[in-house]
Every structure is written in structure tokens, then in C-alpha cells.
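Below: the structure, in C-alpha cells.
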Amino acid sequence: MVYLKDGTTAEGYLQNYVKFMYSIYRLPSASDSVIKLKPDAKLFTKSSKFKNCDIDSMAMWFDKYPDMKSKWEPQFVDFTFDDKISEPDTNPIMVGLRCKGKHVKGYISYHMLYGFKLLFKTDEMAYAKAFAKPEEKFSEKRRKTLLNTFSMYPEMEEYIKGLTKDEFKKDRFCILKKLDEILSASSH
């Protein structure tokens, strides 16, 4: 289900897909500037196309698991790690919402060159920023990168320095939950 900014909706089967290794995932890629939907699963049915910039959000689910919905939003994204400021893509890409706090959202996205990345965006940010990969191990190199990535929030330094491999493995978004706590406390 695609919810457009003009208040209309569209329903259908997602035609965008990502080929990763030997598996095909039905999900938008960072290289997609449009979402393609077919109204039914028939082979020769014409697809409808919607530009990412015209989409407010999108709900996705598999027919076998209709209760397991995921929300996708268009965002401008910087796929680089650390605090270096680089230009995000010129078009918004569809990113999957995985974590939502009062002031911080966490996303997942796929990019042909960078692979799957976890992203965050605070209320003040103009674009989402990469902070980790979904399956990477937590090493001292990753800790250093996280310290650089969140250097604009000095209150995060102690938390990241004390973060354990098990905490990170159990919930990669624990970092964003802590950041949301810090931003919520400072907004009072």
C-alpha cells in the first residue's frame, strides 16, 4: 500500500526487487527512484509507477504473513560512516523503518555498492546517516567509527565506549534508543 503526499493511495504487488547473493528480496533499492506496483499477480498486468518524492510512506507485507507489516519512508541518505559531511543522494530513496523514538528514527536500506546499511535520522537532520551494517561484528574499529559518527552528541561517548558485543548483537538499534533518551532529556 502506497500513501501518496496528495492524500491518495495505491495498492498492489511490489515489483521492485533486490538480488543479494543467490536470493531475491522484494524491496526497494537505493538505486530505485520509483516504486512499481502491479494491481494483481497476473503476468501481463500493467504496473503503476510512483516517484519516491511523491510518496509519503509505504506499507509492505507478504501474502503469507499479512500481520507482519513494515513501513517504508522516502529519505535522502548519506551512506558513509563517521562524522564527515558528504552529499546525500539527489533523490529520496525508500528506507524501511525499524526503530522509532520521540526524536530519532532508525532505518534499513540496501544499496548496490554499499550493501545493507542501518541508518538514523534525528528531528534536526536533513537526511538519514549510516551507522552500521545489519550483520557486522562489533569490533574496536566499529566502536571507533560509531564514536566518530555520533561525535556531534558528546553524551553518547561514554555509552559507546561501554557498549558490549552482546548488547550490539542483540539490538543494533540500542545506540539509537540511547540517543533518543539523551535528546528527550535535553528537550525538557
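The values are calculated or read from the model by the stated rules, or taken from the named source; none is laboratory data. Predicted model, so just to flag it, every value in this text is computed and none were measured. Methodologically, a virtual Cβ is constructed for each residue, glycine included, from the backbone with ideal geometry; neighbour enumeration extends over all protein chains shown.
Limited to segment 38-78, what total is found for residues that are modelled with pLDDT of 85 or more and not in a strand (DSSP E or B)?
Of the residues in that region, 7 qualify.
Do we find that K105 is within 17 Å of the chain's Cα centre (by Cα) and of a type in the set (D, E, K, R) in this structure?
The answer is yes for K105.
Of the conditions (1) within 21 Å of C53 (Cα to Cα); (2) in contact with a Cys (Cβ under 7 Å, 6 or more places away or on another chain), E167 satisfies every one except a single condition; which number is it?
It is condition (1) that E167 fails.
Which of (1) modelled with pLDDT of 85 or more; (2) within 14 Å of the chain's Cα centre (by Cα); (3) surrounded by fewer than 20 Cβ atoms within 10 Å (Cβ to Cβ) does V95 not meet, given it meets every other one?
Evaluating V95 over (1) modelled with pLDDT of 85 or more; (2) within 14 Å of the chain's Cα centre (by Cα); (3) surrounded by fewer than 20 Cβ atoms within 10 Å (Cβ to Cβ) leaves (3) as the failure.
Mind telling me which of the residues K161, K121, K137, K129 ends up being at pLDDT 95 or above and touching a helix residue (DSSP H, G or I) at 6+ places or on another chain (Cβ under 8 Å)?
K161
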